[in-house]
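This report concerns only the one structure given below.
The values are calculated or read from the model by the stated rules, or taken from the named source; none is laboratory data. These numbers were taken from a predicted model, which means no experiment stands behind them. So basically every Cβ, Gly included, is an ideal-geometry build from the backbone, and we count neighbours across all protein chains shown. Only protein heavy atoms, including side chains, enter the accessible area calculation; ligands, DNA and RNA are left aside. Shrake-Rupley method; radii C 1.70, N 1.55, O 1.52, S 1.80 Å.
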Amino acid sequence: MKLRSLLFVPADRPERFDKAVASGADAIILDLEDSVALEKKGGARAAVSAWLATPGRAQTFVRVNPVDSDLVADDLDCLKANRPDGIVLPKAEGAASVEALGQLWGDDALPAILPIATETPAAIFELGSFRRVSDRLAGLSWGAEDLPASIGAKAARQENGLYTAPYELARSLTLFAAHAADVLAIDTVYPDIADIAGLEAYVQRASRDGYNGMLAIHPAQVTVINAGFSPSAAEIEHARRIVQAFAENPGAGALKIDGKMIDAPHLKQARHILSLAG
């Protein structure tokens, strides 16, 4: 599943669904949770059902309400006739939340799940448990808004936009939890829609750190995100040279390319880059 960019769209705004697809996002996320007022949930579910029934629709995830809410059962009911490609699960607290969602769904055909894995204090201590349910996951993401609110923090970011230490920790733990479960690591949203330069820097950092993709909140962010999580021509060529060098020297544990030593981790990374390049 290719998930460089996942674009949120309020589920009660069906006139925006096609525009979201036109952004070039690898997937859109129809949001039944935070962006939809309680009195509009019913209409939003109807719009989601209609969209999912559309022939040839784009790759679509649906963010449902938390698994312990009195709203999630109705959310899931609207998805069963025409299944989405994935379900975004907010306020997830480890494998137990994924298993609870499976029980509510009621059969083995549950769509792939993308938990938002750091929105409560308890969730931080459950990140390692996602390995237990890795076969049910599309990836793992995190959030930097609900967590500070839940503990009474004034902000998750410094004045320069960087995360403060507690939320940098949450981001790092999510990254390693995703890779420990062998699923995609999806970085959280960049909230300043007008700050394209800041977004570019954020995406470059996320890709450097080992994230595979990112959530988006506006169509204007998608092109930057897709570019940042796609290997450049120079990276692809360098990766090909590494793979070729080891293919030509099958007994070698380490080789020299451009004056630098390369070994098994470099070969693994090169193969990963080539897989991203298709």
query = Scanning for something of a type in the set (Gly, Ala, Ser), assigned to a helix (DSSP H, G or I), within 18 Å of the chain's Cα centre (by Cα) and surrounded by fewer than 19 Cβ atoms within 10 Å (Cβ to Cβ), does segment 108-128 turn up at least one residue?
reply = yes
ask   = Is it the case that residue 203 is open to solvent by less than 30 Å² (accessible area, probe 1.4 Å), touching a Leu at 6+ places or on another chain (Cβ under 9 Å) and outside any strand (DSSP E or B)?
value = no
Single residue of segment 91-107 satisfying the filter (part of a loop (DSSP other than H, G, I, E, B) and closer than 16 Å to residue 181 by Cβ) that is most open to solvent (accessible area, probe 1.4 Å) = 93
task = Take the residues in segment 159-181 that are within 23 Å of residue 90 (Cβ to Cβ) and part of a loop (DSSP other than H, G, I, E, B), then tell me which one is least open to solvent (accessible area, probe 1.4 Å).
result = 181
task = Write out, first by first residue and then by second, each pair whose Cβ atoms fall under 9 Å of each other, whose residues are 6+ apart or on separate chains, and whose first residue, in segment 99-110, is in contact (Cβ under 8 Å) with a residue 24 or more places away in the chain while the second is surrounded by fewer than 10 Cβ atoms within 10 Å (Cβ to Cβ).
result = 102/108
Long-range neighbours under 9 Å by Cβ, at least six apart or interchain, first residue modelled with pLDDT under 95 within segment 167-196, second of a type in the set (Asp, Glu) = 191/145
task = For residue 256, work out the one condition from (1) in a helix (DSSP H, G or I); (2) open to solvent by 70 Å² or more (accessible area, probe 1.4 Å) it doesn't fulfil.
result = (1)
key: Matching residues, segment 129-177, being within 18 Å of the chain's Cα centre (by Cα) and among the acidic types (Asp, Glu)   = 135, 145, 146, 168
remark   = Note on residue 55: of the conditions (1) free of Cβ contacts under 8 Å to residues at least 60 places away in the same chain; (2) at positive phi, unmet is (2)
request  = Report yes if residue 35 is within 16 Å of residue 88 (Cβ to Cβ), part of a loop (DSSP other than H, G, I, E, B) and open to solvent by less than 50 Å² (accessible area, probe 1.4 Å), otherwise no.
outcome  = no
inquiry  = Among the residues of segment 43-63, what is the count of those that are exposed (fewer than 13 other Cβ atoms within 10 Å of the Cβ) and either among the polar types (S, T, N, Q) or not in a loop (DSSP other than H, G, I, E, B) (or both)?
reply    = 1
message = Being touching a Ser or Thr at 6+ places or on another chain (Cβ under 7 Å), aliphatic (A, V, I, L, M) and either outside any strand (DSSP E or B) or without any contact (Cβ under 8 Å) to a residue 60 or more places away in the chain (or both) is the filter here; which residues of segment 6-32 pass it?
response = 25, 27, 28, 30
inquiry  = For segment 235-278, give me each residue that is in contact with an Asp or Glu (Cβ under 7 Å, 6 or more places away or on another chain) and not β-branched (Val, Ile, Thr).
reply    = 253, 254
message = Taking the conditions exactly as written (out of contact with any Leu (no Cβ under 7 Å at 6 or more places or on another chain) and either at pLDDT below 95 or open to solvent by 70 Å² or more (accessible area, probe 1.4 Å) (or both)), does residue 154 satisfy them or not?
response = yes
key: Residues of segment 64-90 satisfying the condition of being within 18 Å of residue 8 (Cβ to Cβ) and open to solvent by 50 Å² or more (accessible area, probe 1.4 Å)   = 85
